[in-house]
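First comes the structure, then the notes that go with it.
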Amino acid sequence: MRLVILDDYDLASEWAAKYIRNRIIQFEPSADRFFTLGLPTGSTPYGCYQKLIEYYRSGDISFKYVKTFNMDEYVGLPRAHPESYHSYMWNNFFKHIDIDPANAHILDGNADNLEAECQAYEQKIAEAGGIELFVGGIGPDGHIAFNEPGSSLVSRTRVKTLAKDTIVANARFFGNDLSKVPTMALTVGVGTVMDAKEVMILITGAHKAFALYKAIEEGVNHMWTVSAFQQHPRTIFVCDEDATLELRVKTVKYFKGLMHVHNKLVDPVLSIKDQ
């Protein structure tokens, strides 16, 4: 497990974007061999998406041979609703890059048969050859995707009832009106993400500090689903200084002492112009 600590949100976002960029370019995707990327929504990955758009516009990266699978989507929220995750992904990322819309997969929270939709999503991931790199974020209670506290750590894509804390946290996107916040979602499972060849989790802000502590310094616990990734052979946690506030000083010193190694993953930053 790697813990990459940057000074602030912008630097953490840039490091993560450079890492995604390098992984895609190193993979050398083609029409016969797509790079498969798992993606989150929310405020944390926004800065990373902005940097990736910047890299695309500068001609340094292409998403033509990339397939994406998003983590989750609300149940019952119209796809065109400004707070749907379809809207978030298209407005904040997909419409600004050269990805084929047919290759951008997002769960359909309005499907007639939600169980069948979840099973089909797992099948699509399998048919794509699995996820090369799954990028995720977490909630203050340590949930990844909508795998709320108490979720099975071997869970698959399914319908999930949202915890009250999650509904309250998301109310800011719905005019702070709790009655307008969806109470259910479709989400990939912890096991779905664990199956990825590599996982990168973005954690920024002091309000996520206790969750990072639980993820890094304590044991695997289904009440903090992000802690499952201690068991993954290739996990990178990317965080800012604020998110480390609950970690022991020696833990922070240890991982900061490895930054010269971690930075080799993004330096040099690769470009398709050089291929």
Original post:
In segment 46-63, is there at least one residue being in contact with a strand residue (DSSP E or B) (Cβ under 7 Å, 6 or more places away or on another chain) and in a helix (DSSP H, G or I)?
Top reply: yes
Original post:
How about segment 63-102: which of its residues are under 20 Å from ILE131 (Cβ atoms) and surrounded by fewer than 18 Cβ atoms within 10 Å (Cβ to Cβ)?
Top reply: LYS64, ASP100, PRO101, ALA102
**OP:** Under 7 Å between Cβ atoms, at least 6 apart or on separate chains: pull out the pairs that start in segment 1-20 with a residue that is in a helix (DSSP H, G or I) and end on any residue that is among the aromatic types (Phe, Trp, Tyr).
**Re:** ALA17/TYR55
Original post:
If you check LEU202 against the conditions, is it in contact with a helix residue (DSSP H, G or I) (Cβ under 7 Å, 6 or more places away or on another chain), assigned to a loop (DSSP other than H, G, I, E, B) and under 19 Å from ALA16 (Cα atoms)?
Top reply: no
Subject >> All positions within segment 133-182 that are among the polar types (S, T, N, Q) and either touching a residue at least 24 places away in the same chain (Cβ under 8 Å) or not in a loop (DSSP other than H, G, I, E, B) (or both) >> reply: ASN147, SER151, SER152, SER155, THR157, THR161, THR166, ASN170, SER179
Original post:
Tell me, which residue of segment 178-197 that is open to solvent by 50 Å² or more (accessible area, probe 1.4 Å) and not aliphatic (A, V, I, L, M) is farthest from LEU114 (Cα to Cα)?
Top reply: LYS197
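Condition first: open to solvent by 90 Å² or more (accessible area, probe 1.4 Å) and more than 30 Å from PRO29 (Cα to Cα). Now tell me which residues in segment 224-255 satisfy that. Full working, then the answer.
Looking only at segment 224-255, we keep the residues that are open to solvent by 90 Å² or more (accessible area, probe 1.4 Å), and these are 231, 233-234, 245-246, 248-250, 253-254.
Passing the criteria: LEU245, GLU246, ARG248, VAL249, LYS250, LYS253, TYR254.
The values are calculated or read from the model by the stated rules, or taken from the named source; none is laboratory data. What you are looking at is a predicted structure, and each value in this text was computed from that prediction instead of being measured. Neighbour counts run over all protein chains shown; Cβ positions are idealised from the backbone, glycine included. Quick note on the areas: whole protein, heavy atoms, side chains included, nothing else; ligands and nucleic acids left out. Shrake-Rupley method; radii C 1.70, N 1.55, O 1.52, S 1.80 Å.
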